[in-house]
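Have a look at the structure below before the remarks.
The values are calculated or read from the model by the stated rules, or taken from the named source; none is laboratory data. Treat the numbers as computed from the prediction; the structure is a model and nothing was measured. Note: ideal-geometry Cβ built from the backbone for every residue, glycine included; neighbour counts use all protein chains shown.
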Amino acid sequence: MHWKSGTAIITGAASGLGRALALELAAAGWQICLADLDVDRLATVQADVERRGGIGISTALDVRDPAAWRAVHDRLRTDWPSLGLLVNSAGVGATGEVGQLPESQWQRVLDTNLLGTALGCETFLPWLREHSARSHLVNVASIAGILAPPSMAAYSASKAGVIALSEAIAAECGRRRPGVTVVCPGFFRSGLLDTWHFSAGLESREARRRMDASRWTSERVATRVIHAIDRDRRYVVVGRTARSLWRLKRLAPRATTSLIAAIYKRLR
């Protein structure tokens, strides 16, 4: 990583992309606040971070809780002179067509993915802006936030909100700190499906098939994200299919939606 080591906060750090990013930063000597609800797995990640040469601080964090965010902020303000990087990586998912997905799942997905990311930004953005050299914000969204596949309305809506939030922050900051990167991956191998609610067996089988078939690992995605931070890039769209559909959606949005609908119909 070209950027000098510094201090970072990573949510969802116990597994998947959050963990992979923590290990990448650790190899460059960063001090990292590892935040997650799974404190047992978090302890293992902290040990891995320290073996890589980083300094890890583990903290239990429910990203839906404003008071919990504030407690982390106050603790780190006491211990760290500055904050260089915030990564909002915590997320959950659910599939089910509109009219069939329980309200509780809409609430869980929106509160975790969108509100949780917004609370992190609201809490730490002022501190990121104070950095004397450079700072960066990374929000993890999904290609689903752009393509909005059938049966993924709740997840897509939450991630589309994360994209809009990130673009609004980038517009507010302009050329000032922090830089903003929004990550929009397609399927890659991670632990996301462990916390996913499936309304039908077909959805579960198809999601796991696509994840198992992906050549992208959390570690490869993390390397791409670090590269984007170094170059202050706005978007990280990962996966050949995801990138192709991203381009097509910008050029021909109705045709893209029709294509995705046809694929969904064929699967069913």
* To do: Scan region 226-238 for residues that are closer than 28 Å to residue 106 by Cα and either free of Cβ contacts under 8 Å to residues at least 12 places away in the same chain or buried (at least 18 other Cβ atoms within 10 Å of the Cβ) (or both) and jot them down.
  => 236, 237, 238
* Any chance residue 49 is of a type in the set (Val, Ile, Thr) and crowded, with 20+ Cβ neighbours inside 10 Å -> yes
* Asked: What number of residues within region 121-162 satisfy the criterion of being of a type outside the set (A, V, I, L, M) and within 16 Å of residue 82 (Cα to Cα)?
  -> 12
* Flag if residue 96 is at pLDDT below 95 and buried (at least 18 other Cβ atoms within 10 Å of the Cβ) -> yes
* Asked: If you scan region 239-268, which residues turn out to be buried (at least 16 other Cβ atoms within 10 Å of the Cβ) and either among the polar types (S, T, N, Q) or free of Cβ contacts under 8 Å to residues at least 60 places away in the same chain (or both)?
  -> 256
* Please note which helices (runs of 4 or more DSSP H) are completely contained in region 119-214 and include at least 3 residues that are among the aliphatic types (A, V, I, L, M) and surrounded by 15 or more Cβ atoms within 10 Å (Cβ to Cβ). => 144-147, 153-173
* To do: Name, by its number, the condition in (1) under 23 Å from residue 152 (Cα atoms); (2) over 21 Å from the mean Cα position of the chain (by Cα) that does not hold for residue 74.
  => (1)
* Listing of strands (runs of 3 or more DSSP E) fully contained in region 19-94 that carry 2 or more residues being β-branched (Val, Ile, Thr) -> 55-60
* Give me a count of the residues in region 215-248 that are part of a strand (DSSP E or B) and farther than 14 Å from residue 20 by Cβ. => 2
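With 225, 180 as the choices, which residue is at pLDDT 90 or above, of a type outside the set (Ser, Thr, Tyr) and in contact with a Cys (Cβ under 8 Å, 6 or more places away or on another chain)? Please lay out each step first, then the result.
Numbers: 225 fails: in contact with a Cys (Cβ under 8 Å, 6 or more places away or on another chain).
After ruling out the rest, the residue left standing is 180.
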* Asked: Which one is surrounded by the fewest Cβ atoms within 10 Å (Cβ to Cβ), of the residues in region 65-93 that are more than 21 Å from residue 195 (Cα to Cα) and among the hydroxyl-bearing types (Ser, Thr, Tyr)?
  -> 78
